[in-house]
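**Student:** Got a structure for you, questions after.
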Amino acid sequence: MYTQHWNLYERPFELTPDPKYVYYSKAHEEALLRLMYTVRDAKGAMLLTGGYGCGKTVLSRVFLNELVGAARYEVALITNPRFSAKELLVEIIYQLGGDRHDYKSKGELLHIFNEMIYRNLENQRETVIVIDEAQAIEDLETFEELRLLLNFQQNNRFLLTLVLIGQPELHSRLKGLPQLKQRLIIEYHLNPLDEKDCNQYIDHRLRVAGAQREIFDPGAKRLIFKYSSGIPRVVNGLADTALLVGFSENRNAVDEQLIQRVFEMSEARSTTGTASY
């Protein structure tokens with residue numbers, strides 16, 4: 001809608017986890033480094049946590065793209081893990097290329113899973129299971145099933161890698177599951193961006209979208225950081241609305257006053273439940 005006005009190829013602040021827009025702060029670089037280390041060195045399991053909107057999902061997509069690009073990994077990605085233990089096994093097998101059957105027993109499922117990971121091993125392919133939004137797992141037996149999957153190992157190596165990604169409350173859930181927590185020897189927590197990274201994040205996304213000039217002035221960026229607390233998803237919402245309003249008012253740039261108005265509109269909208277724009 002507003003891209004032509006701002007001379008952009010596309011809207012730069014969409015909320016979808018598009019890997020091409022990922023901004024590598026030092027924290028995001030470190031998180032990705034640990035994810036790749038866990039897989040490439042067969043460390044068994046890793047826990048990645050972060051607050052709502054801090055970039056976990058887009059980082060996981062970058063991570064998955066790295067694995068797919070390497071062509072030596074078979075990956076099961078579970079994005080809605082509200083499964084029973086048996087349902088989770090069925091879904092993992094399906095994600096790894098198996099069929100969805102009405103299996104009679106968990107033993108049958110484990111037998112099929114065992115065959116799949118050994119077949120991957122014979123074909124020199126690594127098995128990786130990524131559970132996104134893992135804090136949504138409600139059944140403790142499902143967590144226990146994930147722990148038991150890590151028992152698939154040889155004397156000197158794990159036969160699969162398990163990556164759990166979730167919000168901070170996942171830590172609390174795992175405190176009651178010490179046997180699984182002990183397996184997650186590699187951990188990382190993503191915090192919101194600091195002000196410098198927040199400014200660079202805004203500029204980065206605009207450049208990717210084709211910006212050839214400064215669109216947000218320093219005061220606008222300062223207010224975006226203040227009102228977003230450095231949470232990328234909130235930054236996107238404020239910046240996207242500012243570009244829309246700026247377009248509707250035929251502005252040449254986004255300044256501090258415009259961000260103030262956008263924030264006040266968003267606050268009014270959240271209070272009344274109605275949309276101002």
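**Student:** Could you please find all residues in region 199-234 being more than 24 Å from the chain's Cα centre (by Cα) and not in a helix (DSSP H, G or I)?
**Tutor:** 210, 211, 212, 213, 214, 215, 216, 217
**Student:** Has region 172-184 got any residue that is farther than 14 Å from residue 55 by Cβ, surrounded by 17 or more Cβ atoms within 10 Å (Cβ to Cβ), touching a strand residue (DSSP E or B) at 6+ places or on another chain (Cβ under 6 Å) and of a type in the set (Lys, Arg)? Explain how you work it out, then say what you get.
**Tutor:** We begin by selecting, within region 172-184, every residue farther than 14 Å from residue 55 by Cβ; these are 172-184.
Then keep just the ones that are surrounded by 17 or more Cβ atoms within 10 Å (Cβ to Cβ); that gives 173-174, 180-181, 183-184.
Next, from what is left, pick out any that are touching a strand residue (DSSP E or B) at 6+ places or on another chain (Cβ under 6 Å): 183-184.
Now drop any that are not of a type in the set (Lys, Arg), which leaves 183.
Yes - at least one qualifying residue is present in region 172-184.
**Student:** Taking residue 42 as the residue in question, decide whether it is within 24 Å of residue 153 (Cα to Cα), in a loop (DSSP other than H, G, I, E, B) and of a type in the set (A, V, I, L, M). Explain how you work it out, then say what you get.
**Tutor:** On the way: within 24 Å of residue 153 (Cα to Cα): yes; in a loop (DSSP other than H, G, I, E, B): yes; of a type in the set (A, V, I, L, M): yes.
Spelling it out, residue 42 is indeed within 24 Å of residue 153 (Cα to Cα), in a loop (DSSP other than H, G, I, E, B) and of a type in the set (A, V, I, L, M).
**Student:** Still on this structure: Does residue 40 meet the test of being assigned by TED's automatic domain parsing to the domain that holds residue 116, at pLDDT 90 or above and under 17 Å from residue 127 (Cβ atoms)? Break it down stepwise before answering.
**Tutor:** On the way: assigned by TED's automatic domain parsing to the domain that holds residue 116: yes; at pLDDT 90 or above: yes; under 17 Å from residue 127 (Cβ atoms): yes.
Considered against the rule, which asks whether it is assigned by TED's automatic domain parsing to the domain that holds residue 116, at pLDDT 90 or above and under 17 Å from residue 127 (Cβ atoms), residue 40 comes out as yes.
**Student:** How many residues are out of contact with any strand residue (DSSP E or B) (no Cβ under 7 Å at 6 or more places or on another chain) and part of a helix (DSSP H, G or I) when one looks only at region 244-267? Reasoning before the result, please.
**Tutor:** Our first condition is that a residue be out of contact with any strand residue (DSSP E or B) (no Cβ under 7 Å at 6 or more places or on another chain); within region 244-267, this holds for 244-245, 247-253, 255-267.
When the remaining residues are screened for being part of a helix (DSSP H, G or I), the result is 244-245, 247-248, 256-267.
Selection size over region 244-267: 16.
**Student:** From the list 23, 52, 2, which residue is more than 16 Å from the chain's Cα centre (by Cα) and not basic (Lys, Arg)? Before you say what the answer is, go through the steps one by one.
**Tutor:** Details: 23 fails: more than 16 Å from the chain's Cα centre (by Cα); 52 fails: more than 16 Å from the chain's Cα centre (by Cα).
Criteria check complete, one pass: 2.
**Student:** In addition: Scan region 177-195 and tell me whether some residue there is of a type in the set (Ser, Thr, Tyr), within 19 Å of the chain's Cα centre (by Cα) and outside any helix (DSSP H, G or I). Step through it out loud before you land on a result.
**Tutor:** Filtering region 177-195 down to residues of a type in the set (Ser, Thr, Tyr) leaves 188.
Still in the list and also within 19 Å of the chain's Cα centre (by Cα): 188.
Those left that are additionally outside any helix (DSSP H, G or I): 188.
So far as region 177-195 goes, yes, one or more of its residues are of a type in the set (Ser, Thr, Tyr), within 19 Å of the chain's Cα centre (by Cα) and outside any helix (DSSP H, G or I).
**Student:** If you don't mind, there's one more thing I want to ask. For region 4-46, give me each residue that is among the hydroxyl-bearing types (Ser, Thr, Tyr) and in contact with a helix residue (DSSP H, G or I) (Cβ under 9 Å, 6 or more places away or on another chain).
**Tutor:** Looking only at region 4-46, we keep the residues that are among the hydroxyl-bearing types (Ser, Thr, Tyr), and these are 9, 16, 21, 23-25, 37-38.
Across region 4-46, the qualifying residues are 9, 16, 21, 23, 24, 25.
The values are calculated or read from the model by the stated rules, or taken from the named source; none is laboratory data. Not measured: the values here are computed from a predicted model. Reconstructed Cβ throughout: ideal geometry from the backbone, glycine too, with neighbour counts over all protein chains shown.
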